[in-house]
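Please read the structure below before turning to the comments.
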Ligand SMILES: Cc1ncc(COP(=O)(O)O)c(C=O)c1O
């Protein structure tokens, strides 16, 4: 037997368990209504025409070789311009590194940043890939809690009390997966102050920055112009190009605190040669033509969000604080049932009613009574799914509804 490296025991991805079960049922011929995939293209959305045509153009023009490891220069310029214009972040092309999705940016960043015993402060619940990476490199995952207060998601903890001299980085996911929360400028400021008070940097994942419905989004690097901020963003969500695998990171640190980390990330980037060149060129060509399509997209996502929220309005057993961004809702179970915890609920719901949602504890939630539901499917499908959930809860609730 060849044994894998011991550190792999830290790699877990709980939300895939529900997906595996859904696949098994589908293989057996069952219809599954999937409310578990954070991918608009898996529903009825496709990338904008400008992006699709730009790919043909890139290939025809000969952008088919390796590119520099940091990414095509003109794309880095176009991204920097976009971040300056849209988010008010003072970055130049040389601060930008193109990656194969935000996922690769996270992977390289964790490898470059986290050492044995380093503490990384993250939100709970949290986009789940962050935590196993911290553990993989011997770091310690610590959490600040998000919770509901008067119809809004807010940070519950005094974050200044959660940082220590061992804190290497404070992670922000804004807008937030899985809750759809959007942080206020004051909350971002508090996170930044907590990080800088102990000499830590801030990593801000802003992949849903353009998918905000009814409030304003502030980019961390624009709120904290003097702090060392690494911004993560990409084309998967707002350009509806999840399968294209294109993302980027930028380093904003006017006093140069991030210079060595950036150098380390570039070294790692060289080891994987480059992100796909035609995809990079297509993104540059499309970015230059603008992101005008976003207004319609946001309107359509908002319409689907509003419909889902209306379906849950008088739902006995589930309470929802409406998401203000992205395409996730994160309702709370308000009754106990013979499903046990959230994972039991998700499994039984899938088996009995053919509806796939993800249990909150898969997102490192500090509680075990929440579900993540993707509200992207067309109206008749989402209505059917909610009806099935209603039926399921009525059948299994222990306390009277
Ligand atoms: C918060 C967050 N960051 C990063 C990613 C991964 O993005 P990419 O497709 O660019 O790898 C996701 C995907 O769902 C996400 O929700």
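Would you confirm whether or not the range 347-359 contains a residue that is more than 15 Å from residue 388 (Cβ to Cβ) and surrounded by fewer than 19 Cβ atoms within 10 Å (Cβ to Cβ)? No, there is no match, as no residue in the range 347-359 is more than 15 Å from residue 388 (Cβ to Cβ) and surrounded by fewer than 19 Cβ atoms within 10 Å (Cβ to Cβ).
If only residues of the range 4-18 that are in contact with a helix residue (DSSP H, G or I) (Cβ under 7 Å, 6 or more places away or on another chain) and part of a helix (DSSP H, G or I) are counted, the one that is farthest from residue 361 (Cα to Cα) is 7.
One residue stands out in the range 176-191 among those that are farther than 16 Å from residue 152 by Cβ and surrounded by 24 or more Cβ atoms within 10 Å (Cβ to Cβ): the one that is farthest from the ligand (Cβ to nearest atom), namely 191. Counting the residues of the range 239-266 that are within 12 Å of the ligand (Cβ to nearest atom) and in a loop (DSSP other than H, G, I, E, B) gives 5.
Of everything in the range 101-115 that's in a helix (DSSP H, G or I) and surrounded by fewer than 18 Cβ atoms within 10 Å (Cβ to Cβ), which residue is nearest to the ligand (Cβ to nearest atom)? Within the range 101-115, the match that is nearest to the ligand (Cβ to nearest atom) is 103.
Residue-level check: of (1) within 30 Å of residue 381 (Cα to Cα); (2) at pLDDT 95 or above, residue 44 misses just (2). For the condition within 16 Å of the ligand (Cβ to nearest atom) and not in a strand (DSSP E or B), residue 210 qualifies. Select from the range 19-53 the residues that are within 18 Å of the chain's Cα centre (by Cα) and in a helix (DSSP H, G or I) and list them in ascending order. Listed by number, the residues that qualify are 19, 40, 41, 42. For residue 393, the criteria (1) in contact with a helix residue (DSSP H, G or I) (Cβ under 7 Å, 6 or more places away or on another chain); (2) more than 27 Å from residue 45 (Cα to Cα); (3) modelled with pLDDT of 95 or more hold in every case but one, which is (1).
Does residue 236 fit the bill of being assigned to a loop (DSSP other than H, G, I, E, B) and either under 20 Å from residue 179 (Cα atoms) or within 16 Å of the ligand (Cβ to nearest atom) (or both)? Spelling it out, residue 236 is indeed assigned to a loop (DSSP other than H, G, I, E, B) and either under 20 Å from residue 179 (Cα atoms) or within 16 Å of the ligand (Cβ to nearest atom) (or both).
Of all residues in the range 295-336, those satisfying the criterion of being within 28 Å of residue 13 (Cα to Cα), more than 24 Å from the chain's Cα centre (by Cα) and surrounded by fewer than 19 Cβ atoms within 10 Å (Cβ to Cβ) are 334, 335, 336. Residue selection: residue 167 satisfies the criterion of being surrounded by fewer than 24 Cβ atoms within 10 Å (Cβ to Cβ) and touching a strand residue (DSSP E or B) at 6+ places or on another chain (Cβ under 8 Å). The range 116-175 holds strands (runs of 3 or more DSSP E) entirely within its bounds, and those carrying 1 or more residues that are farther than 21 Å from residue 219 by Cβ and within 16 Å of the ligand (Cβ to nearest atom) map to 119-124, 140-149.
Would it be correct to say that residue 98 is closer than 25 Å to residue 225 by Cβ, surrounded by 17 or more Cβ atoms within 10 Å (Cβ to Cβ) and either assigned by TED's automatic domain parsing to the domain that holds residue 258 or within 16 Å of the ligand (Cβ to nearest atom) (or both)? In short, yes.
Do you know which of the residues in the range 133-164 that are surrounded by fewer than 20 Cβ atoms within 10 Å (Cβ to Cβ) and within 17 Å of the chain's Cα centre (by Cα) is farthest from residue 186 (Cα to Cα)? That would be 143.
Scanning the range 214-233 for residues that are closer than 19 Å to residue 324 by Cβ and within 16 Å of the ligand (Cβ to nearest atom) gives 217, 219, 220, 233.
The values are calculated or read from the model by the stated rules, or taken from the named source; none is laboratory data. As the structure is a prediction and not an experimental result, all values here were calculated from the model. Virtual Cβ from ideal backbone geometry, glycine too; neighbours counted across all protein chains shown.
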